[in-house]
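One structure is given here, and the rest of the page talks about it.
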Amino acid sequence: MSSFAPPEGDGVVDSIYHYLWTKNTQLETCPNVVIPNTVVYKYRQPAYWYYSSSDQQLKMKKKGDMTNQKIYDSFSKRKNPSCEVVAYYISSRETESGVETTTMEYFDQEGLYDFLFNRQKEHNGIIQKFIDPKGKSNAIIRAIWSPKLCLLEQRVTLKPINDGRYDLYERCVTYEGAEHQSMNAPVRGIYLPSRLQTICDSIVDHCMRTSSQHYRISRMVLNFKLDHNNKLWLLWCSSMRLAADKFALKKAFPVNISGDITVPDKFKDSVFRNANLPSTFFRSKYFICPGSGEIVDSSDSFEISYKTMIASVSYTHLRAHETPEHLVCRLLLEKKKKKTTFTYIQLLSNTHNT
């Protein structure tokens, strides 16, 4: 009988690694799943070390191998790295107001050494070896799975991962960073979405078959990365819910799609920290479309009133949960279908002319 907690919760669901590692009746770990070196910290100490072997079976290191030096040596050893990042640490903690927050901290070799040998690990979490992305920028694919639907989204960092002119965080952050540091990108093709769907289904089936309580996952949010060899890595689970039975801990709560992950407070202003620029610098150079979320150069925009924009079309009714900003952006996108090009419009913050 397993003494592990049910695979449910938000932030980083570290117990899922144990259930993926547990062998089925064919003496195999979860099929189709490949994970990087992942060390789970419990009570300020490394408790479990999971990794995928060359035959794509999930393995767990022995207790005697979980020393700081061995973790450092393994995580620092990389072939033809595209950047100096070697690992990141994801941890969850409860604030004074009772709200649980999850932070993600990136390390180069010096930072990893300091974390392992000098720093106090105040909260439970995982440290994971960094996987070099397929393209020139770091990218995370998020899969939101349910029994009848699997939604996929991708977040890509704007700065190239190997461009040393920029701060380490500017080149790495995706969902955990500020909105202007990364952009949404589609998950294209047929093969990649099919692979993601297969992996999600394998995880759900494996957990139900191998757990002594036969846990049935009803919802989950998984984070993946595609490397330059087109290998798909499962990184971490940011939210998971079990079916509404006696084992479910949060029966009435929906899955946390947003993830609510951020970077430590000392790194939140890294975009402007090195350049000594005010926080208004970004707004003077770019603006973010409130409808599509795209980042556009301010020189390609101009101000108009809502009245002018809405008067140019005949269908101007607001849809459910739609703001005036979203209406204008929707109308722009609909007009795009009729024209080959169009200019992004920067909306006036003062709407008294409407």
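Points to keep in mind about this one:
- Rolling a 1.4 Å probe over the heavy atoms of the protein chains gives segment 42-187 an accessible area of 52 Å² per residue.
- Pairs spanning more than 25 Å between alpha-carbon atoms, out of Lys62/Lys129; Lys59/Lys79; Lys23/Lys79: Lys23/Lys79.
- Arg216-Asn68 pseudo-label distance in nm [points 7 Å out on the Cα-to-Cβ vector]: 4.7
- Shape category assigned to segment 1-133 from the gyration tensor of Cα positions, a/c cut at 1.5: oblate
- Selection of GluC sites (Glu not before Pro), segment 120-212, meeting DSSP coil and at most 10 other Cβ within 10 Å: Glu122
- Within the accessible area of segment 152-223 (1.4 Å probe), percent carbon and sulfur: 49
- Spatial separation of Cα centroids for segment 165-237 and segment 111-142, in angstrom: 16
- Computing FRET efficiency as 1/(1 + (r/R0)^6) for Gln109 and Tyr191, where r is the C-beta to C-beta distance and R0 is 51 Å, gives about 0.90.
- Less than 5 angstrom separates the built amide H of Met104 from those of Thr262, Val263, all sequence-distant by 5 or more or on a different chain.
- What the pair-distance distribution of segment 97-193 shows, using all Cα-Cα distances binned every 5 Å from zero, is 2, 10, 17, 20, 17, 16, 10, 5, 2, 0 percent.
- Residue-span extension gain [Lys134 to Leu27] - 0.36 nm each, minus C-alpha spacing: 35.3 nm
- For segment 1-112, the share of accessible area belonging to carbon and sulfur comes to 47 percent (1.4 Å probe, ligands and nucleic acids excluded).
The values are calculated or read from the model by the stated rules, or taken from the named source; none is laboratory data. Since we're looking at a predicted model, the values are computed, not measured. Here the Cβ is made from the backbone with ideal geometry for all residues, glycine too, and neighbour counts use every protein chain on show. Just the protein is used for accessible areas: all its heavy atoms, side chains included, with ligands, DNA and RNA removed. Shrake-Rupley method; radii C 1.70, N 1.55, O 1.52, S 1.80 Å.
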